[in-house]
Structure formats: C-alpha cells, structure tokens
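Have a look at the structure that comes next, please.
The values are calculated or read from the model by the stated rules, or taken from the named source; none is laboratory data. For clarity, every value in this text was computed on a predicted model and none was experimentally measured. A quick note on method: Cβ atoms are made from the backbone with ideal geometry, for glycine too, and the neighbour counts reach across all protein chains shown. Quick note on the areas: whole protein, heavy atoms, side chains included, nothing else; ligands and nucleic acids left out. Shrake-Rupley method; radii C 1.70, N 1.55, O 1.52, S 1.80 Å.
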Amino acid sequence: MSRIGRAPITVPAGVEVKVDGSTVTAKGPKGTLTKQLSSAMKIEKDGAVLTVTRPSDEKEHKALHGLTRTLLNNMVVGVTTGFTKVLEVNGVGYKVSKAGKTLTLNLGYSHPVVMEDPEGVEATVADNKITITGIDKEKVGQYAAEIRDKRRPEPYKGKG
C-alpha cells in the first residue's frame with residue numbers, strides 16, 4: 001500500500017472541499033481551486049477528513065494513488081496558507097524591477113527581459129530577491145522555473 005496515498009488529509013476549519021466524481025473543488029480564505037483528478041481513484045469525504053483509495057494493486061493505480069492524495073493535499077494547503085518561492089538574483093549588473101504585473105529582468109543581455117505575472121500568481125521584488133506567491137503550487141513552481149530559465153545560475157561560482 002502506498003504510504004503517501006494511505007495518509008488521510010485533514011481539512012482545516014474555514015475550508016470547504018466538494019467532491020463531484022473526479023472533480024474536486026477546494027474553497028478557503030485565499031481563494032478557490034478546482035482540479036480534475038483521475039477517475040480511477042475513489043475520493044471519500046468523512047466530516048473533515050479526506051481519504052483516497054485505489055481499486056486494485058495494478059502498477060498504474062499504485063502510481064495514481066499517491067499522486068491523487070498529494071494533489072488534494074496541495075489544494076487544501078494552497079487555499080489556507082498558499083505557496084511561496086524565493087529567487088535570488090545574483091550577478092554583476094543584474095537588476096530586477098516590478099511595475100504593475102510586469103517583471104523586468106536585466107540579466108546581462110543587451111536587452112531587458114520582460115515577463116507578465118500569470119493569472120493567480122503574484123511576484124514581488126525586494127532588494128535582489130523575487131518572491132513568487134500563489135495558491136496553486138503548480139503555477140507558482142512553473143513561473144519560478146520560467147524566471148530561473150532566463151539566466152541559469154553559474155555552477156562554478158566564478159572559479160573555473
């Protein structure tokens with residue numbers, strides 16, 4: 001049995017989770033998330049506890065068991081506390097500025113790199129750090145990866 005998939009998810013007070021077949025909606029103080037999960041997994045709500053069960057011990061069902069439980073947990077955590085990623089911009093002449101929903105990165109290229117904040121994700125700039133916050137863990141991580149991909153960190157720290 002999957003150890004991750006077997007663990008129950010406790011829904012905190014103030015969070016409403018609605019399971020409609022394979023569509024799950026989580027509504028909390030930070031916002032609302034809706035996700036279409038695998039129809040093979042059975043999601044049961046018993047009071048303030050969510051449990052995920054799988055129909056058989058097939059390899060595909062074993063893989064989906066832990067994934068479905070983790071996605072549900074990320075939805076509950078996202079609508080209660082949200083997710084944050086911090087990126088540090090470090091380099092000679094590297095600057096970051098924010099105007100409205102536009103993030104401007106000067107990363108040593110001949111031109112500034114301009115990025116728009118995606119829907120549901122907000123980036124803030126303080127000193128040389130970019131803080132990305134949002135309720136959807138996947139969107140926050142994807143936006144952080146896109147920013148990082150504009151100029152990857154130098155692995156040798158200038159030593160060879």
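What is the helix-to-structure angle for 137-150, meaning the angle in degrees between its Cα long axis and the longest Cα principal axis of the chain, kept from 0 to 90 and rounded to the nearest 10?
Compared with the principal axis, the helix lies near 20 degrees.
Carbon and sulfur: what percent of the stretch 96-160's accessible surface (1.4 Å probe)?
The value for the stretch 96-160 is 51 percent carbon and sulfur by accessible area.
For the stretch 51-160, what does the accessible surface come to per residue with a 1.4 Å probe? Please give it in Å².
Each residue of the stretch 51-160 exposes 62 Å² on average to a 1.4 Å probe.
Right, here's the next one. Tally Lys and Arg at +1 and Asp and Glu at -1 over the other residues with C-beta under 10 Å from the C-beta of residue 15: what net charge comes out?
After counting each charged neighbour, the total is +1.
Moving on. Mind checking which lysines have their C-alpha under 27 Å from residue 150, skipping anything on the same chain fewer than 8 residues away?
By straight Cα distance, residue 150 reaches 85, 95, 98, 101, 129, 137, 139, 159.
So, one more: Taking the chain as the reference, fit the longest principal axis to its C-alpha atoms, fit the long axis of helix 59-80 to the helix C-alpha atoms, and give the angle between the two in degrees, 0 to 90, nearest 10.
Long axis of 59-80 versus the principal axis of the chain: about 70 degrees.
Give the relative contact order (percent, whole number) for the chain; include only Cα pairs under 8 Å separated by 6+ residues.
19
From the backbone phi of the stretch 15-31, what are the Karplus-calculated ³J(HN,Hα) couplings (6.51 cos²θ - 1.76 cosθ + 1.60, θ = phi - 60°) in whole Hz, Gly and Pro given as x?
10, 10, 10, 10, 9, 10, x, 9, 9, 10, 10, 10, 10, x, x, 8, x
Within a Cβ distance under 13 Å of residue 79, other residues only, what is the Lys/Arg minus Asp/Glu net charge?
Net of charged neighbours comes to +3.
In 5 Å bins starting at zero, report the fraction of Cα pairs in the stretch 2-67 per bin as a rounded %.
4, 16, 26, 26, 17, 8, 3, 1
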